[in-house]
1. Would you mind telling me which numbered condition in (1) small (Gly, Ala, Ser); (2) over 21 Å from residue 154 (Cα atoms); (3) touching a residue at least 12 places away in the same chain (Cβ under 8 Å) residue 229 fails?
2. Can you tell me which residues in the range 60-72 are crowded, with 17+ Cβ neighbours inside 10 Å and within 22 Å of residue 218 (Cβ to Cβ)?
3. Determine whether residue 557 is in a helix (DSSP H, G or I), within 19 Å of the chain's Cα centre (by Cα) and at pLDDT 95 or above.
4. Within the range 278-300, restricting attention to residues that are assigned to a helix (DSSP H, G or I) and touching a helix residue (DSSP H, G or I) at 6+ places or on another chain (Cβ under 7 Å), which residue is surrounded by the most Cβ atoms within 10 Å (Cβ to Cβ)?
5. Go through the range 175-196 and give me each residue that's loosely packed, with under 15 Cβ neighbours inside 10 Å, farther than 16 Å from residue 509 by Cα and not charged (D, E, K, R).
6. Quick one: how many residues across the range 557-599 are in contact with a helix residue (DSSP H, G or I) (Cβ under 6 Å, 6 or more places away or on another chain) and of a type in the set (Ser, Thr, Tyr)?
7. Which condition from (1) closer than 28 Å to residue 291 by Cβ; (2) without any contact (Cβ under 8 Å) to a residue 12 or more places away in the chain is the one that residue 473 breaks?
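The values are calculated or read from the model by the stated rules, or taken from the named source; none is laboratory data. Since we're looking at a predicted model, the values are computed, not measured. Cβ sites come from the backbone with ideal geometry, for glycine too, and all protein chains shown count toward neighbours.
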Amino acid sequence: MSLSRVLSAAAMAVIVALAAGGPPAALAQSPVVTSYGFAIHGGLKYGPDFKHYAYADPKAVKGGDVRFAILGTFDSFNPYILRGVPAGAVGLTVETLMVRSGDEPATDYCLICETIELPADRSWVAFNLRPQARFHDGSPITPEDVIWTFETLKTKGHPLYRSYYADVAKAEKVGERKVKFTFSGGENRELPGIIGEIPVLSRSYWQSRDFEKTTLEPPLGSGPYKIDSFEPGRYVTLKRVPDHWSANLPVNVGHYNFDTMRFEYFRDQTVMLEAFLAVKYDIRRENSAKNWATGYETPAVAQGLIRRDVIPDKTEHVMQGYVMNMRRPLFKDRRVREALGYAFDFEWTNKNLFYGYYTRIGSYFGRDEELSSRGLPEGAELAVLEPFRKQLPPEVFTAEYQTPKTDGSGNWRDNQRNALRLLREAGWRTDSQRLVNANGQQMEFEILLSQPSMERLTLPFAENLKRLGIDARVRTVDAAQYQRRTDEFDFDVTDSLVGQSDSPGNEQRDMWSSAVADVHGSRNLAGIKDPVVDALIDLVIAAPDRESLAARTRALDRVLLWGHYFVPHYRLYADWVAYWDKFSRPKDNPKVGYNPYYWWVDPQKEAALNQKRGTAR
C-alpha cells in the first residue's frame with residue numbers, strides 16, 4: 001500500500017511543515033510524524049507515490065559491461081577504517097538506510113528503511129526497515145545490524161564517524177523492524193539525514209572478524225553489486241546482483257544498469273589517457289585542461305567513435321588549493337600564510353598551462369551566491385559575526401576577500417612586493433637573496449604532491465617562492481604514501497581538495513574544528529584551532545531554516561578565507577567526460593553533474609562501434 005493511502009491529510013501537512021523547517025504553531029504539539037523522505041530545509045520535491053527521479057530513465061537497458069579507470073592503488077575492502085587504502089568500488093556493494101537525491105539540496109529518501117518517524121524538535125529519529133531488505137547471503141537486514149554498525153563505526157571506525165555521530169546519544173531497537181536514534185546536545189537539524197545515510201553492515205559477518213584490520217576478503221554486502229574478481233592494486237570487477245531486492249524501488253529505478261563494472265587502477269595520468277585511447281577502458285572523466293585541449297587528437301575522436309561532453313555541475317562547492325600545515329611553527333603566523341598566496345600567479349598559469357579554461361576559486365563554497373561570502377558582511381551575516389569582532393582580523397568587517405591578481409604576463413612584481421612586506425612584518429628579512437629569520441635560518445619547506453600531473457602547476461609556484469628567497473621543494477609520492485602522510489599530518493604544504501554539500505552541516509567539524517585538528521585521518525589538514533570557527537560551525541549545524549543556514553555559512557566562509565589557510569586554485573564548474581560511443585544516458589542530468597550509474601550500454605550503439613572501431617585505431 002502506498003504511503004499516501006496510509007497517512008491522513010493532517011499527517012501529510014505535518015510532514016510538509018517539518019520538511020520546511022518546523023511545524024506551524026497549530027501543529028507544534030503533534031509529537032511524531034511518519035514520512036518516506038527527509039529534507040533538512042525546504043520541502044520534498046518528490047511526492048509519496050513518485051516512480052523514479054526526474055534524471056533517471058525507467059526505460060534504461062539493463063546489461064552490458066563497462067570499464068572505468070582509477071588513479072592510485074588499493075589494498076583493502078574495508079573503507080570504514082583509517083588503515084589501508086580502500087578500493088573505490090566497495091561502496092556499490094552496500095546499501096544505506098536512506099539515499100540522497102541528486103537534484104535537491106540535502107534531501108534523502110528511504111532505501112533500506114520503508115518510512116522514518118520524526119518529532120517536531122528532531123530530538124530523535126526512528127527507521128522502519130523494509131521486510132524485503134536483504135544481505136547478499138539472503139539474511140534479512142535487521143535493527144540489530146543497524147545498531148551494531150552504528151556502534152562499531154563510532155568506536156572502531158575512521159575518526160570521521162566519531163565526529164559525524166558525536167551528538168547521537170544512543171541507538172535502540174524499539175520494534176520488530178524498527179530502530180531509534182536519540183540525539184544529545186544542542187539543536188542539530190541535520191542528524192536524521194546523517195544517520196539515514198549510514199552504510200548498514202552485517203553484524204553476523206563481522207562479529208567473527210577483526211573490523212579494525214584491513215582485508216582483501218570481499219565482505220558480505222547488500223548493494224546492487226558484488227565483488228566478482230580482483231587483483232590487489234590492479235583491478236576490481238563488480239557483478240550486478242540479479243533480482244536485487246532494491247532494484248525496483250523509486251530511488252533505484254533507471255539506476256545501476258551495467259551487468260559488470262571493472263575498475264582498472266593506474267599509477268600515472270599520462271598512462272591512463274593512453275590506455276583510454278587504446279580501448280583499455282570505456283569512460284574517462286578528464287581533469288587536465290592540457291589533455292582536454294590537445295590529448296584527444298586521434299582518428300577515433302575525428303570519426304565520432306569517442307564522444308566528448310561537457311556536463312554542467314550545478315552543485316560543485318569546492319575549495320582546492322595548497323593547504324599549509326599550522327602544526328608546523330612556520331605557518332602559525334597568518335601573515336606568512338597570506339604572503340605565500342601572492343606567489344601563485346593564477347592568471348599566468350591559466351593562460352599558459354590551462355588554455356584559459358578555468359575560474360579562480362574565491363570561496364570555500366564554490367560559486368554558490370547563496371552560501372559564498374560577497375562584498376562586506378551585512379544584514380543577517382553581519383549579525384552572526386558581530387559577537388566575534390574582537391577575535392577576528394579587522395579585514396573580515398572592512399574589506400572584501402579577493403585572491404591576488406596579475407595581468408597574466410608573468411610580471412608579478414606588485415604581488416612580490418606585497419608578499420615581502422607581509423614577511424617583513426612577520427619577522428623575516430632578505431639576506432643574499434635568501435629569506436631568513438632573526439637567527440639567520442632560511443625559510444624552507446616541502447610541497448607534497450600525489451600526482452606527477454600537478455608538478456606543471458606547482459613548479460612555477462615554487463619558482464616564484466624562490467624569488468622571495470624561500471627554499472620550496474616539490475616532492476611527488478605514490479598514492480599509498482601520500483595518504484599515510486596526510487592522514488598523519490606529516491607534511492608542510494600539500495595540494496588538497498575539500499568538497500562541500502549544498503547544505504553544509506556536521507561535516508564542517510571534520511574539516512575545520514579544533515576537536516579534530518590532532519585526530520589522524522581528519523580532513524582538517526590545516527590544523528585549524530580557532531574558537532570562532534568552532535562557534536560558527538555550531539551555528540551552521542543548528543540553523544533553523546535555509547535563510548539562517550545561508551547567512552551562517554557565509555560568515556564561516558568569510559572567516560576561513562581571511563584565515564589564509566589555503567592558497568586557492570581553480571575550478572571548471574562542469575565535468576569533462578570522454579567515452580567510447582556505446583552508451584546512452586538520460587536527457588536530464590542530476591544537479592551533481594556526471595553520474596555514470598544512470599548511463600547504460602546501448603546495444604545498437606555498441607554494435608555500430610564494434611563494427612567501426614578497427615578503422616579508428
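1. It fails just one condition, (3).
2. Of everything in the range 60-72, those that are crowded, with 17+ Cβ neighbours inside 10 Å and within 22 Å of residue 218 (Cβ to Cβ) turn out to be 66, 67, 68, 69, 70, 72.
3. It is true that residue 557 is in a helix (DSSP H, G or I), within 19 Å of the chain's Cα centre (by Cα) and at pLDDT 95 or above.
4. Filtering first and then ranking leaves 300.
5. 175, 182, 184
6. Summing the residues that are in contact with a helix residue (DSSP H, G or I) (Cβ under 6 Å, 6 or more places away or on another chain) and of a type in the set (Ser, Thr, Tyr) in the range 557-599 gives 0.
7. Every listed condition holds for residue 473 apart from (2).
Results for (1) at positive phi; (2) buried (at least 22 other Cβ atoms within 10 Å of the Cβ); (3) without any contact (Cβ under 8 Å) to a residue 40 or more places away in the chain; (4) out of contact with any Ser or Thr (no Cβ under 7 Å at 6 or more places or on another chain), shown as yes or no for each residue.
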{"residue": "74", "(1), (2), (3), (4)": "no, yes, no, yes"}
{"residue": "90", "(1), (2), (3), (4)": "no, yes, no, yes"}
{"residue": "113", "(1), (2), (3), (4)": "no, yes, no, yes"}
{"residue": "122", "(1), (2), (3), (4)": "yes, no, no, yes"}
{"residue": "125", "(1), (2), (3), (4)": "no, yes, no, yes"}
{"residue": "134", "(1), (2), (3), (4)": "no, no, no, no"}
{"residue": "137", "(1), (2), (3), (4)": "no, no, no, yes"}
{"residue": "141", "(1), (2), (3), (4)": "no, yes, no, no"}
{"residue": "148", "(1), (2), (3), (4)": "no, no, no, yes"}
